[in-house]
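Enquirer: Below: one structure in structure tokens.
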2 protein chains.
Amino acid sequence: MNINRFENNPLVTPSDVKPLHDGYEVIGAFNAGVAKYLDETLLLMRVAERPISEDDNIIKAPYIDKNSGKLEIIEFRKDDPRYDYSDPRMIKPAGQPDRSIYLTSLSYIRIARSKDGINFTVDEEAFLYPFNDYQIFGVEDARCTQIDDNYYISYTSVSPMGICDSIIKTSDFKTFEDLGNAFAPENKDILLFPEKINGSYYALHRPSLKSMGNYDIWIASSPDLECWGHHEHLLGIREGMWDSGRIGGGLVPIKTEKGWLELYHGATPENRYCMGAVLLDLDDPTKVISRTKDPIMEPDFSYEQNGFFGDVVFGCGGIISGDVLTMYYGVADTSIAGCTLKISDILLKLEEG
Amino acid sequence: MNINRFENNPLVTPSDVKPLHDGYEVIGAFNAGVAKYLDETLLLMRVAERPISEDDNIIKAPYIDKNSGKLEIIEFRKDDPRYDYSDPRMIKPAGQPDRSIYLTSLSYIRIARSKDGINFTVDEEAFLYPFNDYQIFGVEDARCTQIDDNYYISYTSVSPMGICDSIIKTSDFKTFEDLGNAFAPENKDILLFPEKINGSYYALHRPSLKSMGNYDIWIASSPDLECWGHHEHLLGIREGMWDSGRIGGGLVPIKTEKGWLELYHGATPENRYCMGAVLLDLDDPTKVISRTKDPIMEPDFSYEQNGFFGDVVFGCGGIISGDVLTMYYGVADTSIAGCTLKISDILLKLEEG
């Protein structure tokens, strides 16, 4: 697989982003939805801000107070045996590795924009900042699907009530209309298809299942992009392979002559994240035509291997120009990188299996 | 709270139900959706059949083979340290108390019918038997909502892919139309409201959340009863109280002058199941008006306390006649009992808090 990573990768790093909050540091500018708007490429970056801690024994967790609407901090002592701090992204109750009670940073969506697709300038303000009770721990991992003149942005809302997939709609990337929580929790990684198929909209999504089932990709349909049903299991993890731990949709599905091309992320149980490809039937995207055995992209470069949460390439969006896909992808839960791939190469790899 | 339990409770027991499968025994006829159809009261019972095991060291788990469509059995040895058999309903992987890999019985929906609402005759055949890959471990806990001349039956589909909420539609209780999996997994306890409210259908549902959130009741809306969105958190568990472990919708919401009356089930972490009441705004059922502090019904009688899974009263449906609600409820995951309550009494209890 021929992947041309940009020479000046990573394109956006935390040091390019000024924190919105006093006493906070930006530790991540990553996992960006992508839009072509007017003459610019927009990266709808997930920016993660962490409260600065002067005391190594204290871990601070930010949250938005429901009543005041203000950003507050709760402090945890590292020697408190009631908690597990082994995952730097969250605070877990001791002995319950699947549960988390606080996150260690607040994420929101902020735009970086570029005329050449390579050199980006970061907006001074957030585009999508937590605005309701389902988001008091932040909003994460936007994907952007253009349908006619509107852009639908699907993203994850995090709160103690659960982890929801939510959708907003914008036509100017300044204001937006809230379409609510589209999926019941716990769910992540909604990807909206860019057009109706046989009269219905479609979306990929990735439920997180408690008692039965794996971190697999499901598909659902909708009459209006707000209400979803006819949920079907689409694609499973694969034991012993690079995507044995969890998978989830990555880029907005790309329409090709061969079918809908979906570039998805897959991880091992040890959280090494790669990208793979799957081809879905053009007329019925609930049908899988083929899937790459190997990843099409792995964390091979140092900026992909080292960071806040290393060994991660995590594509959320791209720009298509003829046969060329310019993919923007989060690296190591820290920065954003770019690369170009040929769609024909991916389709060839899918034919090879 | 004045509850008149029927004198001949339980009304239907496993011994009243002939197993559909050779080599199986009926261990439960419980948790029934309820419909008034023509001149009969129909109980859409969950019937659980368990493979008979001659060897005390062997636990048998039934499943429907995807390829052949036939009911098969997999055997587990009780001394196999890879599994945890502490919950008689399921087989868990050792050390993962939240997970299950097989169920020890196959559930399906079978009708018991009565002209007087007290003496029931059980149909010879299943009404709703697992019919797709999402149901190879069974279908459970039907609720039935009449909307005009159609009856919508919401139920749980169980398979290794996950636990889904599904809906079928019938007008004759013989044939039905499949409306698919209405909610992303993992979810249980869908309750459809019996009419549109301000132009939308509404449903209660109960996601099972992996990393954040509790076993709480959520509410969603729909244009067509098939696709659902605008998910909102409605009602939470209450620490230290009778509904501190999990809650879920019980009966189809009842329209009263004061609001939508929902009788829900709540359990302690030790799985003692009671029934409580909550009142929702008539014009906007996402708004909670009041909730009973104490249960309105507890497992007080021996047939409610003893059985396959004891200390359970679990109402799924009822018949309204003026101020009288005849509630049918599952007891001890074994049998079905009946009782009458006055709606005015419940509303009074809701006013008291």
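The values are calculated or read from the model by the stated rules, or taken from the named source; none is laboratory data. No experiment lies behind these values; they were computed from the predicted model shown. Cβ sites come from the backbone with ideal geometry, for glycine too, and all protein chains shown count toward neighbours. These area figures cover heavy atoms from the full protein model, side chains too; ligands, DNA and RNA do not enter into them. Shrake-Rupley method; radii C 1.70, N 1.55, O 1.52, S 1.80 Å.
Enquirer: When you go through B:GLY229, B:GLY259 one by one, which is the residue that is of a type in the set (Gly, Ala, Ser), at the interface with another protein chain (Cβ under 7 Å from one of its Cβ atoms) and open to solvent by less than 10 Å² (accessible area, probe 1.4 Å)?
Expert: B:GLY229
Enquirer: Out of everything in the stretch B:81-93 that is in a loop (DSSP other than H, G, I, E, B) and over 13 Å from B:GLY138 (Cα atoms), what residue ends up being nearest to the other protein chains (Cβ to nearest Cβ)?
Expert: B:ASP87
Enquirer: Kindly evaluate A:GLY236 against the criterion of being within 16 Å of B:ALA184 (Cβ to Cβ), of a type outside the set (D, E, K, R), open to solvent by 10 Å² or more (accessible area, probe 1.4 Å) and in contact with a His (Cβ under 6 Å, 6 or more places away or on another chain).
Expert: no
Enquirer: Can B:SER208 be described as open to solvent by less than 10 Å² (accessible area, probe 1.4 Å), in contact with a helix residue (DSSP H, G or I) (Cβ under 7 Å, 6 or more places away or on another chain) and either of a type in the set (Gly, Ala, Ser) or at negative phi (or both)? Before the answer, list the steps.
Expert: Details: open to solvent by less than 10 Å² (accessible area, probe 1.4 Å): yes; in contact with a helix residue (DSSP H, G or I) (Cβ under 7 Å, 6 or more places away or on another chain): no; either of a type in the set (Gly, Ala, Ser) or at negative phi (or both): yes.
Criteria not met by B:SER208.
Enquirer: Same structure again: Evaluate the stretch B:130-138: report whether one residue or more is within 14 Å of chain A (Cβ to nearest Cβ) and exposed (fewer than 12 other Cβ atoms within 10 Å of the Cβ). Quick ask: steps written out before the conclusion?
Expert: Within the stretch B:130-138, the first condition is being within 14 Å of chain A (Cβ to nearest Cβ), and the residues that meet it are B:132-138.
Remaining after also requiring exposed (fewer than 12 other Cβ atoms within 10 Å of the Cβ): none.
For the stretch B:130-138, residues within 14 Å of chain A (Cβ to nearest Cβ) and exposed (fewer than 12 other Cβ atoms within 10 Å of the Cβ): absent.
Enquirer: Follow-up question, since we're still on this one. Just the residues that are farther than 29 Å from B:GLY259 by Cα, in contact with a Cys (Cβ under 9 Å, 6 or more places away or on another chain) and aliphatic (A, V, I, L, M), please, taken from the stretch B:158-196.
Expert: Correct list: B:VAL158 only.
Enquirer: Looking at (1) buried (at least 17 other Cβ atoms within 10 Å of the Cβ); (2) outside any loop (DSSP other than H, G, I, E, B); (3) in contact (Cβ under 8 Å) with a residue 60 or more places away in the chain, can you tell me which one A:VAL313 breaks?
Expert: All conditions pass for A:VAL313, except number (3).
Enquirer: Report yes if A:GLN96 is within 14 Å of another protein chain (Cβ to nearest Cβ) and at pLDDT below 95, otherwise no. Show your work before the answer.
Expert: Numbers: within 14 Å of another protein chain (Cβ to nearest Cβ): yes; at pLDDT below 95: yes.
So A:GLN96 fits the description; yes.
Enquirer: So which of B:ILE163, B:ILE167, B:ILE190, B:ILE217 is open to solvent by less than 20 Å² (accessible area, probe 1.4 Å), in contact (Cβ under 8 Å) with a residue 40 or more places away in the chain, within 12 Å of another protein chain (Cβ to nearest Cβ) and closer than 19 Å to A:SER157 by Cβ?
Expert: Numbers: B:ILE163 fails: closer than 19 Å to A:SER157 by Cβ; B:ILE167 fails: closer than 19 Å to A:SER157 by Cβ; B:ILE190 fails: closer than 19 Å to A:SER157 by Cβ.
It is B:ILE217.
Enquirer: Next question. Tell me which of these A:VAL34 doesn't satisfy, since it passes every other one: (1) surrounded by 23 or more Cβ atoms within 10 Å (Cβ to Cβ); (2) within 19 Å of A:SER159 (Cβ to Cβ).
Expert: Going through the list (1) surrounded by 23 or more Cβ atoms within 10 Å (Cβ to Cβ); (2) within 19 Å of A:SER159 (Cβ to Cβ), A:VAL34 breaks only (2).
Enquirer: To continue, here is another question. So for the stretch A:339-351 (the condition being touching a strand residue (DSSP E or B) at 6+ places or on another chain (Cβ under 8 Å), modelled with pLDDT of 95 or more, of a type outside the set (A, V, I, L, M, F, W, C) and assigned to a loop (DSSP other than H, G, I, E, B)), does at least one residue qualify?
Expert: No: the stretch A:339-351 contains no residue that is touching a strand residue (DSSP E or B) at 6+ places or on another chain (Cβ under 8 Å), modelled with pLDDT of 95 or more, of a type outside the set (A, V, I, L, M, F, W, C) and assigned to a loop (DSSP other than H, G, I, E, B).
Enquirer: With among the basic types (Lys, Arg) and more than 24 Å from A:VAL331 (Cα to Cα) as the only criterion, which of A:ARG82, A:ARG89 stands out?
Expert: After applying the criteria, what remains is A:ARG82.
Enquirer: Here's another thing I want to ask about it. So which strands (runs of 3 or more DSSP E) are wholly in the stretch B:8-80 and hold at least 1 residues that are among the acidic types (Asp, Glu) and under 19 Å from the mean Cα position of the chain (by Cα)?
Expert: Correct list: B:40-51.
Enquirer: Here's something else I'd like to know. On the basis of being away from chain A (no Cβ under 12 Å) and either free of Cβ contacts under 8 Å to residues at least 24 places away in the same chain or closer than 21 Å to A:TYR215 by Cβ (or both), does B:GLU177 make the cut?
Expert: yes
Enquirer: In addition: If you check A:GLY307 against the conditions, is it under 23 Å from A:PHE6 (Cα atoms) and open to solvent by 10 Å² or more (accessible area, probe 1.4 Å)?
Expert: Criteria met by A:GLY307.
Enquirer: For the stretch B:193-214, which residues satisfy the criterion of being of a type in the set (Gly, Ala, Ser) and more than 8 Å from chain A (Cβ to nearest Cβ)?
Expert: B:GLY199, B:SER200, B:ALA203, listed by residue number.
Enquirer: Pairs needed: first member in the stretch B:55-67, under 8 Å from B:THR104 (Cβ atoms); second member anywhere, modelled with pLDDT under 95; C-beta distance under 7 Å; at least 6 residues apart or different chains.
Expert: Sorted first by the residue in the stretch B:55-67, then by its partner, the pairs are B:ILE59/B:SER53; B:LYS60/B:SER53.
Enquirer: Mind listing whichever residues of the stretch A:125-138 are without any contact (Cβ under 8 Å) to a residue 60 or more places away in the chain and in a helix (DSSP H, G or I)?
Expert: Within the stretch A:125-138, A:TYR134 is the sole residue that qualifies.
Enquirer: Next question. Looking at A:SER154, A:SER107, which one is out of contact with any Phe, Trp or Tyr (no Cβ under 9 Å at 6 or more places or on another chain), buried (at least 17 other Cβ atoms within 10 Å of the Cβ) and polar (S, T, N, Q)? So that I can check it myself, show each step before the final result.
Expert: On the way: A:SER107 fails: out of contact with any Phe, Trp or Tyr (no Cβ under 9 Å at 6 or more places or on another chain).
Only one candidate passes the filter, namely A:SER154.
Yes/no matrix, rows are residues, columns are (1) of a type in the set (Phe, Trp, Tyr); (2) farther than 28 Å from A:GLY162 by Cβ; (3) open to solvent by 20 Å² or more (accessible area, probe 1.4 Å):
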position	(1), (2), (3)
B:ASP243	no, no, no
B:LEU251	no, no, no
B:MET275	no, no, no
B:SER290	no, no, yes
B:ILE336	no, yes, no
B:GLU352	no, yes, yes
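Enquirer: Being of a type outside the set (Ser, Thr, Tyr), touching a residue at least 12 places away in the same chain (Cβ under 8 Å) and within 11 Å of chain A (Cβ to nearest Cβ) is the filter here, so list the residues in the stretch B:99-124 that pass it.
Expert: B:ILE101, B:LEU103
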